[in-house]
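A.B. asks: To start, I am sharing the structure in question, which I have written as structure tokens.
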Amino acid sequence: MNLPRLEIRLNHIRHNAEVLSSRLERQGIAVCGVTKATLGSPEVANELLLAGVASIGESRIENVERLRRGGITAEILLIRSPMMSQAERVIASADLSLNSEKKVIARLSEIAHRQGRRHGILLMVELGDLREGIMPVDLHSFVDYTLSLENLDLRGIGTNLACQSGVIPDDANMGELSDLAASVETDFGITLDLVSGGNSANLNWALAPNHDCGRINHLRLGESILLGCEPTERVPIKGLYGDAISLLGEVIESKVKPSEPRGVRGQTAFGGIDHPSEPPGDRPRIIVALGRQDIDPGGLTPPPDLQILGTSSDHIVLAGASEPPEVGDELRFGLDYSALLRAMTSPFVTKSYLQ
């Protein structure tokens, strides 16, 4: 098979989604399965839907359109604020979008009216992480404005934490979101379908024993399903597969070389100046045909007994094997979320879906 390649075990992804959906259902929380790290893969989306997720979440309209072309008819949320320039495509392909600007909401209303469609709006609230979101004091003004526009349905409110500033979801910020939802429902005489508490970083809070989640009834999960870990500390989640996705690369050189560079040294191709410390002497050196154009090297876990010494555009250099692999051998790497995103985006990495 082609190399490098991502091996995506669909049965493991389905298992992870089933476990999390079941656990959260007992807390009254529905799951939106986020496919953005897979570039809107219809294969992955189908597994998530079979596992019981309520909807699919995507951050790029191109990926939403790919899902539709791939036969996904379930509700799709655009989880990044829509671009004004893409409003027509958003209305045509997405059922619901996350919003924080009145100008954008007005444009969506105009396009939805022109296309004869209805579009759901989820208003995002800023609760401390300082990424997208309406300031809480302004939320009622946005609710009033959204309700006044044609062809829009105010589906709920939400927030996002732990992405920009690492703010961890807790009883304080989730309680504030619950209180805001209750206030909107009381003041406007409406019922909000969705109170979306955030992403995979919410799991420790949501699944705490005997925990009352208040009005939070929706989470948008990607990393925890795809990689089986909790993102605030990258701790594996009990009962989930951590190897649903792995990266394979081919050895293109395997030699014994000195452990220390020779000659006057300056910056490397990507600005580094340090060299990993190694015992002096000659040691096995392995080069794999993968590089920064394909992956985020800081997000790779090498095979046992191997150490990543460095990366360039096209190469990973490793050392440490007592029995070095041979040229042509495949090496399997683990990935974190950053490395997965980069590998999925690279046109040079084959994507292989395994049942």
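Values in this text are rule-based calculations from the coordinates and carry no lab data. What you see is a predicted model; the values in this text were computed from it and never measured. Every residue, glycine as well, gets a Cβ built from its backbone with ideal geometry; the counts of neighbours run over all protein chains shown.
A.B. asks: For segment 246-354, report the convex hull volume of the alpha-carbon atoms normalised per residue, in Å³, without decimals.
C.D. replies: On the way: hull volume 12.2 nm³, N = 109.
Normalising the Cα hull of segment 246-354 by residue number yields 112 Å³.
A.B. asks: Right, another one. With an 8 Å cut-off on Cα pairs and a minimum separation of 6 or more residues, tell me the relative contact order of segment 143-202 in percent.
C.D. replies: Numbers: 57 pairs, mean separation 27.2, N = 60.
Here the relative contact order equals 45 percent.
A.B. asks: Here's something else I'd like to know. Enumerate the calculated ³J(HN,Hα) couplings along segment 52-57 in order (Karplus 6.51 cos²θ - 1.76 cosθ + 1.60, θ = phi - 60°), each rounded to whole Hz, writing x wherever the residue is Gly or Pro.
C.D. replies: Couplings: x, 5, 7, 6, 10, x Hz.
A.B. asks: If you don't mind, there's one more thing I want to ask. Could you please state, rounded to a whole Å, how far the C-alpha centre of segment 201-220 is from the C-alpha centre of segment 318-349?
C.D. replies: Using only Cα atoms, the two centres lie 35 Å from each other.
A.B. asks: Using alpha-carbon positions, what is the distance between the centroids of segment 300-314 and segment 119-139, in Å?
C.D. replies: 40 Å
A.B. asks: By the scheme Lys and Arg +1, Asp and Glu -1, what is the net charge of all other residues having a beta-carbon under 13 Å from that of residue 158?
C.D. replies: Details: positive: 80, 131, 155, 215, 220; negative: 126, 129, 132, 176, 193.
So the environment of residue 158 carries a net charge of 0.
A.B. asks: Just want to confirm a number: the relative contact order over the chain, from Cα pairs under 8 angstrom separated by 6+ residues, in percent. The partial results should precede the final answer.
C.D. replies: Values: 756 pairs, mean separation 65.9, N = 355.
Result for the chain is 19 percent.
A.B. asks: Once a ≥ b ≥ c are taken as the square roots of the eigenvalues of the Cα gyration tensor of segment 190-260, is the result rounded (a/c under 1.5), prolate (a/b larger than b/c) or oblate (a/b not larger than b/c)? Could the numbers behind the result be given before it?
C.D. replies: Details: a/c = 3.83, a/b = 3.00, b/c = 1.28.
Here segment 190-260 falls in the prolate category.
A.B. asks: I've got another one for you. Candidates (i) 19.3; (ii) 20.3; (iii) 18.1; which is the computed mean projected area of the Cα convex hull in nm²?
C.D. replies: (ii)
A.B. asks: Taking the Cβ of each residue in 159, 35, 350 as the centre, tally the other Cβ atoms inside 10 Å and list the residues starting with the fewest.
C.D. replies: By the 10 Å Cβ count, ascending, the order reads 350, 35, 159.
A.B. asks: Let's test the formula: R0 of 45 Å, r as the Cβ-Cβ distance of residue 268 and residue 130. What FRET efficiency results, to the nearest 0.05?
C.D. replies: On the way: r = 33 Å, r/R0 = 0.74.
With R0 = 45 Å, the Cβ-Cβ based efficiency is 0.85.
A.B. asks: Now for a separate question. How far is helix 10-25 tilted off the main Cα axis of the chain, in degrees rounded to 10, range 0 to 90?
C.D. replies: So the helix axis and the longest Cα principal axis differ by about 40 degrees.
A.B. asks: From the phi angles alone, apply the Karplus equation (6.51, -1.76, 1.60; θ = phi - 60°) to segment 327-338 and give each ³J(HN,Hα) in whole Hz, x where the residue is Gly or Pro.
C.D. replies: Those phi angles translate into 4, x, 5, 9, 10, 9, 10, x, 10, 9, 5, 5 Hz.
A.B. asks: Whose amide H sits under 5 Å from the amide H of residue 310, counting only residues 5 or more places off or on another chain, with H placed in the peptide plane?
C.D. replies: Counting only residues 5 or more places away or on other chains, the set is 317.
A.B. asks: Excluding residue 63 itself, calculate the net charge of residues whose Cβ lies under 12 Å from the Cβ of residue 63, where each Lys or Arg counts +1 and each Asp or Glu counts -1. Can you show the working numbers first?
C.D. replies: On the way: positive: 36, 60, 66, 68, 69, 80, 89; negative: 58, 62, 65.
Spelling it out: positives minus negatives among the neighbours equals +4.
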